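The values are calculated or read from the model by the stated rules, or taken from the named source; none is laboratory data. Everything quoted here is computed from the prediction, not taken from an experiment. Only protein heavy atoms, including side chains, enter the accessible area calculation; ligands, DNA and RNA are left aside. Shrake-Rupley method; radii C 1.70, N 1.55, O 1.52, S 1.80 Å.
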Amino acid sequence: MKHLTEIEKAYIAGFLDGDGSINVQIVRRKDYILKFQIRFTITFFQKTTRYWFLVFLQKKLKTGTLKKRNDGVSELCLVGWQTVKLFLLAFKPYIRLKRRQAVLLLKIIDKLPQSKDPQSFLNLCELVDQIAFLNDSKKRIIDSAVVRSELGLDNYFKSP
């Protein structure tokens, strides 16, 4: 993303602020030791009649997956901690509305390597809860309380 001009970066960050999302989810993974994975996503949304713009944006960013949904909305999704981290490091100076989510997400990514034990992982899940709160998440099923219960950490106090 170093190939983009400062004006392009500012425009794309503004587009993310208005028609995008910075999201982190806790997902079940039976093949993981701690039973859960933290999934990182940045998504741009646009009415499908303007799908061409998402194609243009994908070419500019040189990453992402395009999807046409059945509800007339299309998405450009950037998935994975490496991709999301590179994006946020490049665009964070220009992000305004979703800056707190971006900062928290980068904090989670930076702490990923140290989260191999249940308590450390739970601490990351609590940060994920904070991003969900900032995003006004309504349909969330798996949160840190679910992780705490399933990892048998019910006797631990919630970390500060």
Using only the alpha-carbon atoms, how far is helix 6-19 inclined from the longest principal axis of the chain? Give it as 0 to 90 degrees, nearest 10. 60
Any idea what angle helix 81-91 forms with the longest principal axis of the chain, computed on alpha-carbon atoms, 0 to 90 degrees, nearest 10? 50
Roll a 1.4 angstrom probe over the protein heavy atoms and tell me the percent of accessible area of the chain that is carbon or sulfur. 56
Whole-Å semi-axes of the ellipsoid equivalent to the chain (Cα gyration tensor, √5λ, descending): 31, 17, 14
Count the lysine pairs in the stretch 1-89 whose Cα atoms sit under 18 Å apart, keeping only pairs 8 or more residues apart in sequence or on different chains. 14
Gap separating the Cα centres of the stretch 43-61 and the stretch 81-123, nearest whole Å: 24
Can you compute the helix-only [θ] at 222 nm over the chain? Use -39500 (n - 2.57) per DSSP H run of at least 4 residues, normalise by all residues, nearest 500 deg cm²/dmol. -14000 deg cm²/dmol
Added length on full extension, which subtracts the Cα-Cα distance from 0.36 nm per residue, ALA10 to LYS62: 17.0 nm
Quick note, the stretch 43-100: a/c under 1.5 would make it rounded; otherwise a/b > b/c is prolate and the rest oblate (a ≥ b ≥ c, C-alpha gyration tensor); here it is prolate
